[in-house]
Amino acid sequence: MQMGPEHLVIAPIVIPLVAGALLLFFDDRERRLKASISALSAAALLAVSIALLRISHYGDGRVAVYLLGNWPPPIAINLVVDRLSAIMLVLTAVLAIPALLFSIARWHGAGPHFHTLFLFLLMGLNGAFLTGDLFNLFVFFEVMLAASYGLMLHGSGPFRVRAGLHYIAINLAASLLFLIGVALIYGVTGTLNMADLAIRIPQVGEDSRMMLEAGAGILGVAFLVKAGLWPLSFWLPTTYTAAAAPVAAIFAIMSKVGVYILLRLSLLFFGASAGASAGFGSEVLLYGGMATLAFGAIGVLASQSLGRLAGFSVLVSSGTLLASIGLVQGDITAGALFYLVSSTLTISAFFMLIELVERGQDAAANVLAVTMEAYGEGEEEEEEEEEVGIAIPATLAVLGVSFAVCGILLAGLPPFSGFIAKFAILTAMLNPGGLGEQGVITPASWWLVALLIFSGLSALIAMSRAGIRAFWAPVDGSVPRVLLIEIVPVAALLLLTLALTVQAGPVMRFMEATAGSLYAPQPYIDGVMEAPRAVPRQKGGEE
Amino acid sequence: MELVLSLAIGVLVSSGVWLLVRPRTYQVIIGLALLSYAVNLFIFSMGRLRTNMPPIVEPGVEIDPAAFADPVPQALVLTAIVIGFATTALFLVILLASRGLTGTDHVDGREP
């Protein structure tokens with residue numbers, strides 16, 4: 001047994017699986033131990049995904065393929081890492097660490113097996129980003145969803161159970177659509193390997209093309225439910241609001257899984273070289289995305305509570321991404337990828353911040369906090385304030401600054417990364433032929449420009465109103481007691497968006513390279529189809 | 001045989017969809033179960049219907065694909081059954097929790 005770098009590809013699936021299973025053997029009361037094991041494995045995930053990112057980026061678009069069972073491709077299961085999957089892996093790990101740290105302060109004790117479920121969710125997410133065939137995508141989707149059902153209900157209570165019931169029913173129905181779509185595609189093409197499908201789809205005859213497109217459409221609906229396309233998105237704000245804060249923080253990337261798959265499959269299957277089916281479904285993404293964006297922006301304006309505001313912000317982010325992907329233009333997709341990273345970090349931080357802010361507003365709603373800190377203990381706590389909690393006067397200031405930063409990011413104003421992301425998308429949209437070239441801007445693009453700016457304005461209005469209500473309006477509002485370990489994850493995520501702004505040049509170049517390889521998928525297809533099989537080592541042979 | 005199978009799938013899907021949009025949680029879960037049976041049959045039929053054909057080839061023998069049943073949909077169905085079973089069981093737990101917490105079996109947790 002020798003662990004070579006080629007085995008790194010499967011590590012993002014194996015690490016959370018093993019760690020999550022290991023945690024089942026410990027009693028739930030050993031929280032410190034469980035928390036350190038899961039935080040360690042999340043850190044290992046981050047290291048592995050960054051290594052994979054380096055491999056995929058400096059390999060000139062070459063993809064790393066891992067053949068499970070060592071069958072020749074396209075038979076059997078394989079895992080594929082290219083730039084897009086690598087950046088999604090890194091994003092998942094980057095979100096996982098703050099969410100785990102945040103949960104250590106309080107939430108991971110609110111119910112059984114929090115860390116195991118969390119790690120299995122990471123495994124499902126990573127698997128969905130890595131897999132190279134449609135059926136394993138289904139399997140990893142189900143792993144992810146099954147874990148998310150448990151996490152969604154973490155902390156229990158009637159509100160969560162009610163929202164969870166709807167969430168599970170909708171996702172089970174969507175999974176059935178997923179299977180129907182996969183079966184139809186298999187029935188027409190006889191393969192489920194994504195690279196092999198990309199080769200076979202242009203050769204599909206005229207008589208079975210309708211079946212294939214029906215299959216792809218049904219499959220797409222399953223992902224659109226996940227991504228939250230209007231009118232399939234009514235479950236999303238309620239579910240995300242009901243989930244516990246660290247859970248909602250990691251759920252922020254779950255809606256992006258749908259976006260990721262749609263981006264990958266629509267360009268791989270129905271890209272420019274797909275013959276008669278080229279561009280299939282892009283209008284649905286464009287107009288559906290615009291409707292989602294409008295719905296989300298209005299929802300943000302109408303939200304009375306911070307939780308729903310954040311839930312509708314997820315829809316705004318999904319709508320922006322889907323509509324930008326629907327325009328099928330390389331530089332817009334690059335901007336959209338930048339937006340994906342920036343908005344996911346923002347929304348994740350925002351969900352955690354909301355919990356801290358609302359803690360001060362409504363003490364009765366937070367029974368957990370009251371039980372954990374009986375009034376008599378306050379005197380003793382003061383002394384060790386330096387170690388576990390931050391000084392009380394600074395709490396409101398820190399929360400207020402973080403809230404303002406979140407507002408700026410959601411609205412897409414300078415100097416943070418939300419501005420750069422939207423600017424990149426808008427610039428690309430208004431210069432369809434390239435910068436400084438003459439090109440015709442379609443009416444759909446104009447509409448999208450208007451909607452993007454409107455959504456930013458609505459986020460700004462809603463956030464200012466919510467901020468005034470939370471920080472300025474209460475005359476005798478109690479100051480929330482915030483632990484250092486709770487504010488550090490939020491601050492870290494927000495600092496990351498600042499780092500994205502400072503390093504916007506290199507990041508944007510990476511996103512452009514990613515978009516470029518998505519629009520020219522031949523290296524991906526060749527990389528998978530010609531992946532070398534591992535040579536079985538002779539028993540007792542040297543070296 | 002094609003007619004019988006497609007009729008069976010059609011009946012299962014229509015009953016499943018009807019039950020899925022009913023207001024009681026028990027109806028919803030039965031609807032989901034019926035739908036998943038229909039989907040499993042559908043996946044199976046996508047490997048084309050063949051009777052008395054082996055799905056496994058013998059090594060070293062000249063292979064005529066027409067004389068074999070497609071093994072891939074069978075493997076897919078098996079996986080789909082297992083996953084569907086697990087998620088239905090999980091849904092059942094939530095259903096009971098909801099019944100206990102809200103005191104009603106309405107999907108919205110309260111009587112209209």
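The values are calculated or read from the model by the stated rules, or taken from the named source; none is laboratory data. Worth saying up front: this structure is predicted, and the values here are computed from it rather than measured. Every residue, glycine as well, gets a Cβ built from its backbone with ideal geometry; the counts of neighbours run over all protein chains shown.
Figures for the structure shown
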{"item": "Within the range A:467-491, tally of residues that are modelled with pLDDT of 80 or more and either under 12 Å from A:Cys406 (Cα atoms) or assigned to a loop (DSSP other than H, G, I, E, B) (or both)", "result": "3"}
{"item": "Residue identified as under 15 Å from A:Lys226 (Cβ atoms), more than 9 Å from every other protein chain (Cβ to nearest Cβ), touching a residue at least 24 places away in the same chain (Cβ under 8 Å) and of a type outside the set (Lys, Arg) among A:Leu137, A:Leu145, A:Leu151", "result": "A:Leu137"}
{"item": "Members of the range A:37-60 that are in a helix (DSSP H, G or I) and either more than 21 Å from A:Leu89 (Cα to Cα) or not small (Gly, Ala, Ser) (or both)", "result": "A:Ile37, A:Leu40, A:Leu45, A:Leu46, A:Val48, A:Ile50, A:Leu52, A:Leu53, A:Arg54, A:Ile55, A:His57, A:Tyr58"}
{"item": "Candidates A:Ser266, A:Ser305 - the one that is touching a residue at least 40 places away in the same chain (Cβ under 8 Å), touching an Asp or Glu at 6+ places or on another chain (Cβ under 9 Å) and among the hydroxyl-bearing types (Ser, Thr, Tyr)", "result": "A:Ser305"}
{"item": "Looking only at the range A:169-219, and only at residues there that are part of a loop (DSSP other than H, G, I, E, B) and not hydrophobic (A, V, I, L, M, F, W, C), the one that is farthest from A:Leu153 (Cα to Cα)", "result": "A:Gly205"}
{"item": "Spans of helices (runs of 4 or more DSSP H) in the range A:361-445 with at least 1 residues at pLDDT below 50 and surrounded by fewer than 20 Cβ atoms within 10 Å (Cβ to Cβ)", "result": "A:367-372, A:378-383, A:385-388, A:392-411"}
{"item": "Residue that is within 12 Å of chain B (Cβ to nearest Cβ) and buried (at least 18 other Cβ atoms within 10 Å of the Cβ), where the choices are A:Gly220, A:Gly187, A:Gly228", "result": "A:Gly187"}
{"item": "Unique match (being surrounded by fewer than 20 Cβ atoms within 10 Å (Cβ to Cβ) and closer than 23 Å to A:Ser417 by Cβ) among A:Gly296, A:Gly330, A:Gly289", "result": "A:Gly330"}
{"item": "Which numbered condition A:Ala163 misses (of (1) closer than 20 Å to A:Leu229 by Cβ; (2) at pLDDT below 90; (3) within 7 Å of chain B (Cβ to nearest Cβ))", "result": "(3)"}
{"item": "Hey, A:Ala274 crowded, with 23+ Cβ neighbours inside 10 Å and touching a helix residue (DSSP H, G or I) at 6+ places or on another chain (Cβ under 9 Å) or not", "result": "no"}
{"item": "First in the range B:82-99 and more than 10 Å from every other protein chain (Cβ to nearest Cβ), second anywhere and of a type in the set (A, V, I, L, M) and in a helix (DSSP H, G or I), Cβ under 8 Å, 6 or more apart", "result": "B:Leu92/B:Ile29"}
{"item": "Residue among B:Arg24, B:Arg50 that is more than 11 Å from chain A (Cβ to nearest Cβ) and touching a His at 6+ places or on another chain (Cβ under 7 Å)", "result": "B:Arg24"}
{"item": "Pairs where the first residue, in the range A:69-82, is in a strand (DSSP E or B) and the second is at pLDDT below 80 and hydrophobic (A, V, I, L, M, F, W, C), C-beta under 9 Å, 6+ apart", "result": "A:Asn78/A:Ala531; A:Val80/A:Ala531"}
{"item": "Evaluation of A:Ser156 against (1) within 14 Å of chain B (Cβ to nearest Cβ); (2) touching a residue at least 40 places away in the same chain (Cβ under 8 Å); (3) surrounded by fewer than 23 Cβ atoms within 10 Å (Cβ to Cβ); (4) part of a helix (DSSP H, G or I) (one fails), failing number", "result": "(4)"}
{"item": "Conditions (1) outside any helix (DSSP H, G or I); (2) under 19 Å from A:Leu263 (Cβ atoms); number of the one not met by A:Pro112", "result": "(2)"}
{"item": "Counted residues, the range B:100-109 - those being in contact with a Ser or Thr (Cβ under 6 Å, 6 or more places away or on another chain) and facing another protein chain (nearest Cβ under 10 Å)", "result": "2"}
{"item": "Verdict on B:Leu76 being closer than 30 Å to A:Val161 by Cα and facing chain A (nearest Cβ under 10 Å)", "result": "no"}
{"item": "Failed item, numbered, when A:Ala86 is tested on (1) without any contact (Cβ under 8 Å) to a residue 60 or more places away in the chain; (2) more than 14 Å from chain B (Cβ to nearest Cβ); (3) buried (at least 24 other Cβ atoms within 10 Å of the Cβ); (4) out of contact with any Leu (no Cβ under 8 Å at 6 or more places or on another chain)", "result": "(4)"}
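To keep it simple, each residue is scored yes or no on (1) surrounded by 17 or more Cβ atoms within 10 Å (Cβ to Cβ); (2) more than 26 Å from A:Arg264 (Cβ to Cβ); (3) modelled with pLDDT under 85; (4) not β-branched (Val, Ile, Thr).
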{"residue": "A:Leu493", "(1), (2), (3), (4)": "yes, no, no, yes"}
{"residue": "A:Gln503", "(1), (2), (3), (4)": "no, no, no, yes"}
{"residue": "A:Met511", "(1), (2), (3), (4)": "yes, no, no, yes"}
{"residue": "A:Thr514", "(1), (2), (3), (4)": "yes, no, no, no"}
{"residue": "A:Pro523", "(1), (2), (3), (4)": "no, no, yes, yes"}
{"residue": "A:Ala531", "(1), (2), (3), (4)": "yes, no, yes, yes"}
